[in-house]
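S.K.: Here it is, the structure in full.
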Amino acid sequence: MIQNVGNHLRRGLATVFSGRISRKSIPRAEDEGAMADGEGYRNPTEVQMSQLVLPCHTNHRGELSIGQLLKWIDTTACLSAERHAGCPCVTASMDDIYFEHTISVGQVVNIKAKVNRAFNSSMEVGIQVVSEDLCSEQQWTVCKALATFVAHRELSKVKLKQVTPVTEEEKTEHGVAAERRRMRLVYADTIKELLARCAIQEDLGTRDCDHVVPAEQTRVESVELVLPPHANHQGNTFGGQIMAWMENVATIAASRLCRAHPTLKAIEMFHFRGPSQVGDRLVLKAIVNNAFKHSMEVGVCVEAYRQEVETQRRHINSAFMTFVVLGADDQPQKLPWIRPQPGEGERRYREASARKKIRLDRKYIVSCEQTEVPLSVPWDPSNQVYLSYNNVSSLKMLVAKSNWVLSLENNQVRLYTLEEDRFLSFHMEMVVHVDAAQAFLLLSDLRRRPEWDKHYRSAELVQRVDEDDAIYHVISPALSADARPQDFVILASRRKPCDSGDPYVIALRSVTLPTHRETPGYQRGENLCSGFCLWREGEQLTKVSYYNQATPGFLNYVTTNVAGLSSELSTTFKACAQFLLDNRSDLAPSLQTL
Ligand code: COA
Ligand code: ADP
């Protein structure tokens, strides 16, 4: 059962994580299908908003201002969250947003929001924005966004009811939402750590001085008084309103660099650190941190104070926005360089370069097409968080597929297959009398796999990355008599359930390591998506499922088993069940500390 496999699931991550969207125009029906794929079915938390773009909503280019769009997005998402929670909710964060289309005056903006998953007091809300040309009937996806809302009750702590996903798309989002939440909660620390590692040294003195603008010239400071229309009925400022004010000052700073009308392309994660209320004064400050050849990063920070205690300022939010200047041909124009102020300015300048690199690395891993990347992605400190995310969410997306077909049933082992245009996947399941947590510990240590899987000759732990991730070097026998034995470098990422309906997950995929390069003695094997899901069915009862997506090298072996011409897969799986039974009560100390 070695995982010589591939996957095309990362395509989906483009939409679920980064919000990256298709540039081409899309027909109406297809777009409807993206939100709800059961006929006549409508998600109970879904809320829709349609707005006609009027001149009062637009900028000087006659395009909908992103600030206005953010307000509409936040309101729609908040109403969806409140529909699920049954009580007032506040915006905790908004993930990265990439804007692929501008929206012109006269067009209609259609926004749909629904709760992907509820946790304890917080919910992830998925938002889709489509623009519509009423005359040509064409529609374009403008952006996708993911926001987290926190439910608030005055006197008691909120425990939200769970969301029950129905459609395949809902199941996928529900599964991956837990993984995205994990990333979100460590986002600030991850970025801090990456910025520290990614020390980009640029020689600021060598730039063409004719086109250098001192950063100081772009600095903006603006104050806003929070009035009742900016807040909900409990007096809490709407997150969308704050984002709109932030976009406003960022646009002014960007315009001061390019002396033209810039277009906002991307916003990095917003996190609302603390609440703000009616009567607060908000001070918004922005400056261009760095200008690259065709884009610039503007940073904005927001502080709040009450009139009575002006000296006590609360940090509400900081955000980084990427702007371009589009020419008549709609292509980004070359921008002037920026000269940062010594000290803080230079630090921000370097951090903006590092953030750009991190953004690109992250896009490469979480949102690129199968054909654009080698099967095994190099493992390095700058991408390990994203590779781990990719590993788990790829498996969860495979698990959520609705078109699995039961192909064989043999002695309590069930073999399911999934045929897609370019891949054949299989999964096997059986119920084993063992505790799910125990099975999780036993199966997540790949060093023990040779005890039951004859396709694993050996598995050596190469690196313990953290409590949940480890890298192994696996050697397996040759698949045919004339071939060399194979070796794999495998990242194993494991996750405990987020709530009672969730499985334990052990996801496996190949990575490359400089210390374990391909050698002549072995044929290097690749595995992009396989692993285990363990569902607790009772006190000492677990449904164990093994998933694998087969690539051509492994296909013959899989199809021979699926056609019933060989029973090797099911024999191996039964050996796995026996291994779990044999070890159900005595865990090696090394496992308990995993
Ligand atoms: N992104 C997403 N969710 C986050 C988060 C972040 N950066 N930080 C915390 N949360 C979630 C937690 O996961 C937790 O969810 P759970 O109950 O489902 O497990 C929930 O927020 C509460 O976390 P907790 O640790 O109890 O509270 P906190 O002290 O971290 O506060 C907020 C979190 C969001 C409530 C708080 O920062 C806040 O009030 N922010 C301002 C919200 C607001 O008013 N927004 C409107 C514009 S100002
Ligand atoms: P950091 O300084 O680490 O970037 P902050 O939260 O202090 O984080 O600020 C976020 C961004 O807001 C900064 O990168 C900068 O672009 C902008 N900013 C902060 N302080 C000011 C200021 N006094 N004037 C103008 N812009 C500011």
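S.K.: Which residues, taken from segment 275-291, are assigned to a loop (DSSP other than H, G, I, E, B) and within 15 Å of ligand 2 (Cβ to nearest atom)?
M.R.: Residues satisfying the conditions do not exist here.
S.K.: Going through N120, N116 one at a time, which residue ends up being away from ligand 2 (no atom under 16 Å from the Cβ), at negative phi, out of contact with any Gly (no Cβ under 8 Å at 6 or more places or on another chain) and of a type in the set (S, T, N, Q)?
M.R.: On inspection, the qualifying residue turns out to be N120.
S.K.: Would you pick out the residues in segment 329-362 that are of a type in the set (K, R) and either in a helix (DSSP H, G or I) or more than 16 Å from ligand 2 (Cβ to nearest atom) (or both)?
M.R.: Listed by number, the residues that qualify are K334, R347, R348, R350, R355, K356, K357, R359, R362.
S.K.: Cβ-Cβ below 7 Å, separation at least six or inter-chain, first residue in segment 164-190 and under 13 Å from V385 (Cα atoms), second within 16 Å of ligand 1 (Cβ to nearest atom) and aliphatic (A, V, I, L, M): which pairs?
M.R.: Within 7 Å, the pairs are R180/L146; M183/V385; Y187/M269; T190/V385.
S.K.: Is it true that L326 is within 22 Å of K285 (Cβ to Cβ) and either more than 11 Å from ligand 2 (Cβ to nearest atom) or free of Cβ contacts under 8 Å to residues at least 24 places away in the same chain (or both)?
M.R.: Judged against the criteria, L326 is not a match.
S.K.: Let me ask you something else. Please list, ordered by first then second residue, the pairs with beta carbon atoms under 8 Å, 6 or more apart or interchain, first in segment 422-436 and among the charged types (D, E, K, R), second not in a strand (DSSP E or B).
M.R.: R422/H8; D435/E539; D435/Q540; D435/R584
S.K.: In addition: Looking at V489, is it more than 19 Å from Q523 (Cβ to Cβ) and out of contact with any helix residue (DSSP H, G or I) (no Cβ under 7 Å at 6 or more places or on another chain)?
M.R.: In short, no.
S.K.: Please list, ordered by residue number, the strands (runs of 3 or more DSSP E) wholly in segment 411-472 having 2 or more residues that are within 26 Å of S388 (Cβ to Cβ) and touching a Ser or Thr at 6+ places or on another chain (Cβ under 6 Å).
M.R.: Ranges flagged: 424-432.
S.K.: Of (1) closer than 21 Å to N561 by Cα; (2) surrounded by fewer than 21 Cβ atoms within 10 Å (Cβ to Cβ), S425 satisfies all except one. Which?
M.R.: Exception for S425: condition (2).
S.K.: List the residue pairs whose Cβ atoms are under 8 Å apart, where the first residue sits in segment 220-246 and is in contact (Cβ under 8 Å) with a residue 40 or more places away in the chain, the second is in a helix (DSSP H, G or I) and hydroxyl-bearing (S, T, Y), and the two are 6 or more positions apart or on different chains.
M.R.: F238/T75; G240/T75
S.K.: Of the numbered conditions (1) more than 16 Å from ligand 2 (Cβ to nearest atom); (2) farther than 29 Å from R180 by Cα; (3) among the β-branched types (V, I, T); (4) touching a residue at least 40 places away in the same chain (Cβ under 8 Å), V309 satisfies every one except a single condition; which is it?
M.R.: Only one criterion in (1) more than 16 Å from ligand 2 (Cβ to nearest atom); (2) farther than 29 Å from R180 by Cα; (3) among the β-branched types (V, I, T); (4) touching a residue at least 40 places away in the same chain (Cβ under 8 Å) is unmet by V309, namely (4).
S.K.: Moving to a separate point now. In this structure, is T371 at pLDDT below 90, β-branched (V, I, T) and not in a loop (DSSP other than H, G, I, E, B)?
M.R.: yes
The values are calculated or read from the model by the stated rules, or taken from the named source; none is laboratory data. None of these values were measured; they are calculated from a predicted model. Counting neighbours? That spans all protein chains shown, and the Cβs are built from the backbone with ideal geometry, glycine included.
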